[in-house]
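Enquirer: Sending over a structure as C-alpha cells; questions will come in a sec.
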Amino acid sequence: MPLSQTDFKIHFTDILQQAAVQVALPDTTVRIELTRTKQASHGDYSCNLAMQLAKSLHKNPREIAQLLIDALPDSPYLEKVEIAGAGFINFFLKIGAKQQIPHIVLQQGSAYGRGNLGDGKKVQVEFVSANPTGPLHVGHGRGAALGASVVNILSAAGYVVASEYYVNDAGRQMDILALSTWLRYLEIFGADLEFPTNAYQGSYVRDMAQLIEEAHGDRYVHPAELLLEHIPAADSDIVIDDEEKLNRLIANTKKILGQDYAYIHNFVLTEQLGDCRNDLMEFGVEFDTWFSEQSLFDGGMVAKAVALLEEKKCLYQQDGATWFRSTDFGDEKDRVVQRANGQFTYFASDIAYHVNKFERGFDQVIDVWGADHHGYIARVKGAINALELDADKLIVALVQFAVLYRDGVKVPMSTRSGEFVTLRELRHEVGKDAARFFYVMRRSDQHLDFDLDLAKSQSNENPVYYIQYAHARICSVIAQWDGDNGLLNDADTDTLTSAIELSLLQKLIDFPDMVESAAKELMPHLIAFYLKELASEFHSYYNASRFIVPEEPVQQHARLALITAVQQVLCNGLTLLGVSAPEKM
RNA sequence: GCGCCCAUAGCUCAGCUGGAUAGAGUACCGCCCUCCGAAGGCGGGGGUCACACGUUCGAAUCGUGUUGGGCGCACCA
C-alpha cells in the first residue's frame, strides 16, 4: 500500500471516501473530514459524514453509517470501526501500527514531522520590516518570533520559503534620524541649539554622533545659524507647527552639508540596520533578503507602478495630488499616491514593492503586519487588483500587540519620548528561549499578556521549562542507561500496550498533522500547545513507569525507544519555534 | 460617527470548516522522593462559553442585534 508511513488520518479519509462514492455518491458538497477523538472509547479518529448526509439522502444517520461501514474497503491499519452516538463513525487504529511509530521517528530523526503539503510551491514571508530609525522594541519581537516560526513551519510542510525584511530607507523618518544625529554631533562641539522634541530622542542617537566625531573629528561642523534659516524664533509672531519646523531643519541640513549629507544619512542607516540585524540574529531570526525601499525609487519602479495605475485609468488629480481610486476596489476611501509637492507616498512605494514581489514569481506572498496596519490591507489588495494581479496570492497575517507585565502590573510604554522596552532588553531579561516561546504561545491575532516574571521563573509554572525539562529528563535517562542506540532501533515495541503508552504513541503520530495544520493556518501556537501536551504525557509516563529495567531487556528497550522518539519530536517541535532543546538544564 | 478584531473557570488562554460529558495552565485544598532529574506526578472543588433573538436533528462555534474592551480611519511610515 502506497502510504506514507504515518498518515493514518489521510488513509482512513481515503477509504471512507471510497465507501462514500459507493453508498452516497451524491452529495459532493460534503467534505469528508476526520478528526482526532477526545476519548479513547471513541476510537482514534472520528467522522460525522453520516450525519451530514442524512438530510440529502433522507435517511437516518446511523443507517447511513452502517452502509458506509459495509462498503469500507479492507485496510491493514484498521482494527475496527464503530457507529456511536447520533451517527459518528469511529475508527480504531491497529495497535501494531501505533507500535511502529518509535521506529519511524527514530529512523526519520529531525525529518519526522516534515510533509509535502506545500509541494515545492514558492512562498515569501516578509516580517518585522521595522523602520531602521532606532532599536527594535518588544512589539517588533512578536512579529519576529511569529514570522520566523511561520518560515520554519512552512518550510517543514514542504514549501520553498524565502524570508524578507523590507527596509524603509527612503522616507522622511530616515531624514529625521540623520538630522537628529547631526544635531547631537554639533552639540559635541558646543553648538547651542534646541533639540526638537519631535526628533529622535534616544541615547543611541548620541552614540552615533560620538562615532562620527571619533572617526571624522570636526569635518561635519557648520555654523548653527545657517540651520535656523527660515525658521521663526520661539518669540516670533510667525508660528509654524513642529512638523513643518522639522521639515525646514531637514531642508537646511541638506543644503548645508551638501554632498556630506549622504554620508550622514548612509552612516546612520548602516548603523541602525547593523544593530537590527545583530539583534535579530541573537534572537534566532535571520532573513534571506533585506530589500531596500530606496532601490525601488532608484530603479524607477515606483514611478512605473504609478504609471501603470494611470494606464489602467485608476488615478485622478485633486488638490494638486494624485489619487488612486481604491474605493473601486473595496477600500473605504481613495488614497494619495503622489503628494502635491511631487513626492510619492509610502503607499506608492508599497505598491511597487508588491508588484516586485509578484514579479519574482512567488505562489504565495505573506506579509506579517502589526494589527494597527489592518487599514492598509484593503488599499494594497486594491492596488494589486487594479494592476490585474492575483490579490488572493497575498495573505496578510496581523499580529496583535504584546503587553508586558511585571509584578502583576503593566509595564508602561510609549513610542514617543523613547520610553519603550527594547527587544534586546527583553532578551537579556528573560532569555531567548522564553521570549521566543512566549511570543508564539498565543494565537497571533489575540492580544498577548507577556508575564515577565513567569517567563523568567525556572519552575514548573513556566511552560518553556516544562517542555525543555521533559527533553532534558529523557536525555538524562538515556545517558544513565548508557546503552547502544542501535538496540533501540531494533527494539521489539509490541510490549507498549498500557493506556499511557498508547496515548503517547498516538501523540507522536499526531505531530506531522499538527505541523500541517500550523502551516495551513499560519499558527505556530498550535505547535506550542502540542508540545505542552506531549511533555505532559511524558511526565505522567515518567512518574508511572521505570525505564531502566535491565532484568526485563525487551520492556526496557521498548520503553527507551518510545521516550527517545518523544525526545526527538520535542526537539523537532521546539526547533520549529526557534527554542533550544537542552540536554541538561 | 464608520470599519476591523475580541468577550470561554478567580487569573492567563486553548477549542470555532456546527457534533458525543466545554478543556489546559495557574491559583486554592489534599497526597507522592530508601526509586531513572520533585524544574515532576496523582486527586479534588471551580462554568448561564458577555447578553438576546434567529438558522438546525444539534450552536462556545454560523447570522442579526445589544453591551463592554482593543485597534484603525493622513498629501506619516
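Enquirer: For segment A:255-288, which GluC sites (Glu not before Pro) are both in a DSSP coil and crowded by at most 12 other Cβ atoms within 10 Å?
Expert: When the GluC sites (Glu not before Pro) of segment A:255-288 are filtered for loop state and at most 12 Cβ neighbours within 10 Å, A:GLU286 remain.
Enquirer: Over all directions, average the projected area of the Cα convex hull of segment A:8-93 and note it in nm².
Expert: Approximately 4.8 nm², given one-decimal rounding.
Enquirer: Normalising by the residue count of segment A:172-275, find the relative contact order in percent from Cα pairs under 8 Å and 6+ residues apart.
Expert: Rounded, it is 36 percent for segment A:172-275.
Enquirer: When DSSP beta bridges are limited to those with both residues in chain A, what percentage is antiparallel, rounded to the nearest 5?
Expert: Beta bridges within chain A, antiparallel portion: roughly 50 percent.
Enquirer: Once neighbouring chains are kept in place and the probe is 1.4 Å, which whole percent of the accessible area of segment A:8-93 is contributed by carbon and sulfur?
Expert: In segment A:8-93, the share of accessible area belonging to carbon and sulfur is 51 percent.
Enquirer: Would you mind calculating the relative contact order of chain A from Cα pairs under 8 angstrom and at least 6 residues apart, reporting the percent as a whole number?
Expert: Relative contact order of chain A: 16 percent.
Enquirer: Let me ask something else. Pick out, in residue order, every one of the GluC sites (Glu not before Pro) in segment A:126-225 that is DSSP loop and has at most 13 other C-beta atoms within 10 Å; say none if there are none.
Expert: Answer in residue order: A:GLU194.
Enquirer: From the helices alone, meaning DSSP H stretches of at least four residues, give me the mean residue ellipticity at 222 nm for chain A, per-run term -39500 (n - 2.57), in deg cm²/dmol to the nearest 500.
Expert: Result for chain A: -16500 deg cm²/dmol, rounded to the nearest 500.
Enquirer: In square angstrom, what is the accessible area per residue of chain A with a 1.4 angstrom probe?
Expert: 47
Enquirer: Show the residues, 5+ positions off or on another chain, whose built amide H is closer than 5 Å to the amide H of A:VAL167.
Expert: A:PHE291, A:SER292, A:GLU293
Enquirer: Once a ≥ b ≥ c are taken as the square roots of the eigenvalues of the Cα gyration tensor of segment A:172-275, is the result rounded (a/c under 1.5), prolate (a/b larger than b/c) or oblate (a/b not larger than b/c)?
Expert: Prolate.
Enquirer: Additional query: What do you get for the angle between helix A:374-386 and the principal long axis of chain A? Use alpha-carbon atoms, 0 to 90 degrees, nearest ten.
Expert: Approximately 90 degrees, to the nearest 10.
Enquirer: Quick one: compute the contact order of segment A:459-585, relative version, from alpha carbon pairs under 8 angstrom and 6+ residues apart, as a percent.
Expert: Relative contact order here is 44 percent.
Enquirer: Could you give the angle, 0 to 90 degrees to the nearest 10, between helix A:499-521's Cα long axis and the longest principal axis of the Cα atoms of chain A?
Expert: 40
Enquirer: Let me ask you something else. Express the C-alpha Rg of chain A as a ratio against the empirical globular expectation 2.2 N^0.38 Å, rounded to two decimals.
Expert: Compared with the compact-globule rule of thumb, chain A sits at 1.20.
Enquirer: Further question: Where the accessible area of segment A:103-151 is counted over protein heavy atoms with a 1.4 Å probe, how much of it, in %, is carbon and sulfur?
Expert: 47
Enquirer: With axes computed from alpha carbons, what is the tilt in degrees of helix A:242-257 against the longest principal axis of chain A, rounded to the nearest 10 within 0 to 90?
Expert: 70
Enquirer: Once fully extended, how much extra length lies between A:GLN294 and A:LYS121, figured as 0.36 nm per residue of separation less the alpha-carbon to alpha-carbon distance?
Expert: 59.4 nm
The values are calculated or read from the model by the stated rules, or taken from the named source; none is laboratory data. Please read these numbers as outputs of a predicted model, since none were measured by experiment. For neighbour counting, all protein chains shown are included, and Cβ atoms are generated from backbone atoms with ideal geometry for every residue, glycine included. Ligands, DNA and RNA are stripped out before the accessible areas are found, and what is left, the full protein with its side chains, is counted by its heavy atoms. Shrake-Rupley method; radii C 1.70, N 1.55, O 1.52, S 1.80 Å.
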